[in-house]
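So the structure is just underneath, and the comments pick up after that.
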Amino acid sequence: MKATVLALAALWAGALIAQAPAPPQHAAHLEKLATLLDLTDAQKTQVQAVLEEEHARIKAAHEEARASGTKPDWQQMKALHEQIQQETIQKLTPVLSASQLKKFQTLQEMHGEMMHRFGHGGPPGADTPPPAQN
């Protein structure tokens, strides 16, 4: 079962790599999440509202950083993402069961690892080896 959950989680996390998916994609992601977490209809509505708020806050932070005309500091943006994610967990704690919350956190971690692995989660050049010295 764990392998199945991890495989589905990897598919779900991989689907989230797009930075700003269109609304139909949001619906598809929510459906995948609802299946993975076995959400009730009431939970689905509450989780959707929390995740939409999280997405809006992260998007606004990126737009604000871009509009400032300066290159955003990677560490500050990472810290902001982590803070928003922790607030999301706090908001979902009364909505989800303990096992659902644990699965959600696992999915979040996997998403973060996927983002880092595909070059979206670290400072520029973090995964690039240094040039060869002659």
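Each value in this text was obtained by applying a stated rule to the coordinates, not by laboratory testing. Bear in mind the structure is a predicted one, so any value in this text is a computation, not a measurement. Neighbour counts are summed over all protein chains in view; Cβ atoms, including those assigned to glycine, are modelled from backbone coordinates with ideal geometry.
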Next item on the list: Note down all Cβ pairs under 6 Å where the first residue falls in the range 63-88 and is under 24 Å from Val47 (Cβ atoms), the second is surrounded by 14 or more Cβ atoms within 10 Å (Cβ to Cβ) and of a type outside the set (A, V, I, L, M), and they're at least six residues apart or on different chains.
Entry: Ile84/Glu54; Ile84/Arg57; Thr88/Glu54
Next item on the list: Taking the residues in the range 54-76 that are charged (D, E, K, R) and not in a loop (DSSP other than H, G, I, E, B) as candidates, determine which candidate is farthest from Glu87 (Cα to Cα).
Entry: Arg66
